[in-house]
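Since every read-out is calculated from the coordinates, none of them should be taken as a lab result. In this text, all values refer to a predicted model and were calculated from it rather than measured experimentally. All Cβ positions, glycine included, derive from the backbone under ideal geometry; neighbour counts span all protein chains shown.
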Amino acid sequence: METIRNYLNTMFAGLPDTPEVRKAYIELGAMMEDKYTELIDEGLSENEAVGTVISEFGNLEELAQTLGIEDYLHARTSQSKNSSAKSSSTYEGSGATGAQDRAYAGGAYTGAGAAGAQDRAYAGAGAAGAAGAQGGAYAEAGAQDDGRRIISSEELCDYLSVGNFAALIRSFGVLLCITSPVCAILFDDLGFGPIGDLMESFGAAMLFVFIAAAVACFLIARAYMKPWGFFKTDALDFDRDAEEIIADQEKTLEAESTKRRITGIVLIILCFVPAIIFDNRIGAALLLVFIGVGVFLLVYNGRKKNLFKTIRTAQARAQAQDRAQSRMNRGRRYVRSGKEKKEKYYYSDRNLRTLMPIYWEIVTCIYFGISFLTGAWAVSWIIWIAAGAVKKSIESKYGEPVG
Amino acid sequence: MTTISSDVIRGYNDTIILYLLLDRPSYGYEISKMIRSLSDGKYVIKETTLYSAFTRMEKNGFITSFARSAENGKRRTYYSITEAGRKYYLEKCEEWNVTKEVIEHFISPSGARALPDSSDI
């Protein structure tokens with residue numbers, strides 16, 4: 001199917017982008033796809049199926065008048081006898097050879113400059129129809145026959161809103177972790193006797209409530225992002241509308257991002273100010289709140305940016321595939337970008353599979369929990385070293401290396 | 001097997017397509033499949049030919065198109081025939097009958113010209 005797509009893209013490369021041309025591209029693609037699928041079902045080999053489909057495609061000249069692209073076609077076929085002749089009179093018979101010839105002619109043109117870019121754009125346009133039509137069924141939405149998925153603007157918006165939500169609650173989880181001891185600090189030694197004891201244990205209990213809530217946040221964020229996992233692993237194409245949205249939002253994000261980062265850093269730097277002003281428990285609590293909010297902003301910012309980085313990486317994968325494809329023409333090579341963050345191990349145990357991706361978040365919770373409860377800050381850092389060792393041993397014992 | 005010359009059949013692609021739409025709407029590939037099977041594989045319509053016929057006839061008001069999801073959830077463009085299309089189809093049938101009649105006079109499977117009857121002269 002990929003070969004057929006390439007063929008069709010080549011035929012359409014360099015044609016003007018009009019609604020008629022787009023529609024023809026989509027319709028012809030659908031017909032070829034139907035035919036290809038059926039031929040494969042009938043037991044033909046891929047090569048035979050592709051050959052049949054391409055040989056029966058016909059001649060783009062026939063569409064010239066319908067699409068209003070006569071001028072383009074005449075410019076292409078320079079040996080065309082008479083440029084004033086209407087397409088009906090330049091109809092050159094047909095047959096497999098005719099189609100083949102045009103394929104070569106088209107191929108030559110793709111080589112020339114901007115045509116290549118057009119080519120990709122049309123791939124997107126074609127998929128826009130296919131993907132948009134699928135509606136809510138994201139699992140299969142817009143999947144091409146060659147396995148390449150094309151993301152429509154609706155899908156992209158869903159991804160971004162879910163991603164934003166996940167980023168928000170994930171960062172909120174971090175905020176909860178950092179501010180978890182606030183109640184404990186505020187209610188510590190507040191009174192004497194049973195009431196004082198009660199308040200103290202309330203403070204300590206709140207610490208665990210905060211941490212539990214934080215873990216819940218991490219898990220919820222993870223569950224929300226799960227259906228979108230393919231953004232991190234697959235090669236994706238985006239249709240034109242989606243591409244515009246990405247570019248647009250990236251620009252907005254850039255400005256927002258700087259503001260968020262500056263605010264976050266300033267908050268963290270200034271965290272000692274309240275502690276200096278109020279030399280008491282309120283100061284200590286505010287210190288944590290300052291750090292918490294500062295880190296929240298930084299984490300949220302980073303997560304949001306990651307959404308777009310993921311998109312760009314998925315696109316890069318698609319482009320790399322296309323390049324590999326045109327080099328080898330057969331056989332798909334998976335090109336992984338080195339920057340891509342991916343789980344290195346697969347766990348057959350379900351609980352580990354859930355917990356390991358948020359391992360360091362959990363460790364952070366434990367670290368703060370234990371440190372604040374025992375006050376043993378001087379030694380509690382050992383947790384980090386222990387955690388590193390524990391992670392290694394879990395990985396080697398239960399994990400199967402991926403890739 | 002003798003296949004058909006696309007130059008000759010071109011004038012009747014519309015008729016063929018309209019015939020297949022007479023009883024129910026259909027979509028591109030289904031129509032091309034029906035053409036192939038009804039003609040015993042002697043006529044395989046090219047995708048571009050089919051698509052240009054669709055657009056031309058839609059412009060002329062002989063057919064209308066609409067989108068519909070197939071059983072497998074695939075979205076397809078379906079075409080259905082209009083009243084004008086039915087009328088045009090009947091006209092084309094008439095035309096073909098005349099054409100066939102005329103051409104028949106000049107067809108000789110034996111390769112020899114038939115001896116004229118005295119009555120013809």
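The charge dipole of the stretch A:151-342, taken about its Cα centre with unit charges on the Cβ of Lys, Arg, Asp and Glu (plus for the first two, minus for the last two), comes to roughly 1280 debye. Counts of other chain beta carbons within 10 angstrom of each beta carbon in peptide A:48-57 average 2.
Build a GNM of chain B with springs between Cα atoms under 10 Å apart, and of B:Ser69, B:Ser37, B:Ser26 the one that fluctuates most is B:Ser69. Between A:Tyr346 and A:Glu400, A:Val402, the built amide H atoms are under 5 Å apart, and every one of these is 5 or more places off in sequence or on another chain. Near A:Ala247: Cβ cut-off under 12 Å, other residues only, Lys/Arg at +1 and Asp/Glu at -1. The net charge is -3.
Can you tell me the orientation of helix B:28-38 relative to chain B, as the angle in degrees between its alpha-carbon axis and the longest Cα principal axis, to the nearest 10? For helix B:28-38, the angle is close to 30 degrees.
Among B:Arg56, B:Arg86, B:Arg75, which one shows the highest mean-square fluctuation when chain B is modelled as a Gaussian network with alpha-carbon springs under 10 Å? Comparing B:Arg56, B:Arg86, B:Arg75 in the GNM, the peak value goes to B:Arg75.
Too long at a 20 Å Cα-Cα cut-off: which of A:Lys305/A:Lys391; A:Lys35/B:Lys42; A:Lys23/B:Lys59; A:Lys232/A:Lys397; B:Lys33/B:Lys100; B:Lys33/B:Lys59? Correct reply: A:Lys305/A:Lys391; A:Lys232/A:Lys397; B:Lys33/B:Lys100; B:Lys33/B:Lys59. Note on the stretch B:7-54: with charges restricted to the Cβ of Lys and Arg (+1) and Asp and Glu (-1), its dipole about the Cα centre is near 80 debye. Summarising the amide proton neighbourhood of B:Ser26: residues at separation of 5 or more, or on other chains, whose placed amide H is nearer than 5 Å comprise B:Tyr79. The alpha-carbon of B:Lys74 sits under 15 angstrom from the alpha-carbons of these aspartates and glutamates, leaving out residues fewer than 8 places away in its chain: A:Glu27, A:Glu33, A:Asp34, A:Glu38, A:Glu140, A:Asp145, B:Glu30.
Once the Cβ-Cβ distance of A:Ser201 and A:Ala378 is raised to the sixth power relative to R0 = 22 Å, the FRET efficiency obtained is 0.30. Within the shell defined by Cβ-Cβ distances under 14 Å, the residues around A:Val215 carry a net charge of +1, with Lys and Arg each +1 and Asp and Glu each -1.
The mean sequence separation of alpha-carbon pairs under 8 Å and at least six residues apart, normalised by the residue count of chain B, gives a relative contact order of 25 percent.
Under 1.5 on a/c is rounded, so check that first for the stretch A:343-403, then, if it is not, pick prolate when a/b is larger than b/c and oblate when it is not; a ≥ b ≥ c are the square roots of the alpha carbon gyration tensor eigenvalues. It is prolate, given that a/c is not under 1.5 and a/b is the larger ratio.
For chain B, the longest principal axis of the C-alpha atoms and the axis of helix B:47-59 are separated by about 80°. Just check the stretch B:6-107 against the gyration tensor rule for me: Cα atoms, a ≥ b ≥ c as the square roots of the eigenvalues, rounded for a/c under 1.5, and otherwise prolate or oblate depending on whether a/b exceeds b/c. Note, shape of the stretch B:6-107 comes out prolate. Projecting label points 7 angstrom from Cα along Cα→Cβ for A:Thr263 and B:Arg24 puts them 6.0 nm apart.
Here is the list for the stretch A:2-58: GluC sites (Glu not before Pro) lying in DSSP coil, each with at most 14 other C-beta atoms within 10 angstrom of its C-beta, are A:Glu42.
Across peptide B:25-38, the average count of Cβ atoms from other chains found within 10 Å of a residue's Cβ is 2. Between B:Glu83 and B:Glu104, full extension at 0.36 nm per residue minus the direct alpha carbon distance yields a gain of 4.4 nm.
Look at the stretch A:174-184: the mean tally of other chain Cβ atoms within 10 Å of its residues' Cβ atoms is 0.
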